[in-house]
Amino acid sequence: DQRKLEQQVFGVKSYLSKQEFDSVYKLTGIDADGRLALMKKMVSHVQRSILKYIMFAKSIPGFLDLSNDDKIALIRGARYEYWLLGHFHHFNSKLGVNVGHDIALTKEDSHRLFGNSLANIDVLFDFCESLRKLDISYEESAILKGIVILFRDRCPLKEPDKVEALQWKLIQCLKYLIKKRHPHSSTRRFTDFINKLVAMRDLTEINKQHNKRLEGFHMDIIKNHQLVYEFLMHQDFEREGEEG
């Protein structure tokens, strides 16, 4: 009812642009298009997802034997790519819609709500569509998630060789699984997977740049969820440490 009343008062039927919303919010303190409620719901879901992600990482054979610093660095660094491998099927490139838990956003919605460029949003949708076409099995998805967590070149590590050894075992598991299920196209399928893992690095960089631009009410909501804040903002902390 509150959402309907705000729409009647402001004549809002879709999401305002970021600039329009900021102007109305600073003037009235009113959530004119419902984005504050949506953001709170999304951030709460992200926090629950991060907890599940941490549990998954801990289940990787040998992961708990790594140093605490390396475990933290790897988990933080791979979050976005792990998320992509688990959520790519939520993106429908034909309809231009991202469907999540109780949430459905068009490309234009994402642009207006979060300030993402439409070009970057198109890149994300196209990539997710390319993953859908691979028809990735549940087992392949689990192994790929483990592999992305264990990239030794993603961040400074105390024991990079130990991390690489763990990843190598998962890569061999992936090769075995592919050869067993796709005996006539195993080499091509394995190559496709590796190419996708490499391509995800570009999407990670786009996501990092976007996170650096989060401000205002977005940041206020995120700061109320400490785990989400630490995961989204850790790139800046690492960069400051390297510069120091």
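In whole Å, how far is the Cα centre of region 146-215 from that of region 56-92?
Taking the Cα centre of region 56-92 as reference, the centre of region 146-215 is 10 Å away.
Where does the chain land at 222 nm, in deg cm²/dmol rounded to the nearest 500, when only DSSP H runs of n ≥ 4 count, each adding -39500 (n - 2.57), divided by all residues?
The helix contribution divided over the chain gives -23000 deg cm²/dmol.
Based on the mean of other Cβ atoms within 10 Å per residue, sort peptides 120-132, 54-66 so the most packed one is first.
120-132, 54-66
List, in the order given, every pair from K18/K52; K26/K208; K94/K208; K179/K208 whose Cα-Cα distance in the structure shown is over 29 Å.
Flagged as over cut-off: K18/K52; K179/K208.
Return the sequence-ordered ³J(HN,Hα) values of region 30-40 in whole Hz as given by the Karplus equation 6.51 cos²θ - 1.76 cosθ + 1.60 applied to θ = phi - 60°, using x for Gly and Pro.
3J(HN,Hα) across region 30-40, in whole Hz: 9, 7, 4, 10, x, 6, 5, 4, 5, 4, 4.
Show me 93-103, 71-81 ranked by packing, highest mean number of other Cβ atoms within 10 Å first.
Result, highest mean Cβ count within 10 Å first: 71-81, 93-103.
When N counts the residues of region 148-211, how does its alpha-carbon radius of gyration compare numerically with 2.2 N^0.38 Å, as a ratio?
1.34
Answer with one residue from S49, I136, S59: the one whose Cα lies farthest towards the positive end of the charge dipole of the chain, charges on Cβ with Lys, Arg +1 and Asp, Glu -1.
I136
Tilt of helix 160-181 relative to the longest C-alpha principal axis of the chain, in degrees (0 to 90, nearest 10)?
Around 90 degrees separate the two axes.
What ranking do 144-154, 175-185 get when scored by the average of other Cβ atoms within 10 Å per residue, highest first?
Going from most to least packed, we get 144-154, 175-185.
Per 0.36 nm of contour for each residue apart, how much would the distance between S185 and E205 grow if the chain were fully extended, relative to their Cα-Cα spacing?
Value of the extension gain: 4.1 nm.
Bear in mind these aren't lab numbers, they're just calculated from the coordinates by the rules spelled out. For clarity, every value in this text was computed on a predicted model and none was experimentally measured. Cβ sites come from the backbone with ideal geometry, for glycine too, and all protein chains shown count toward neighbours.
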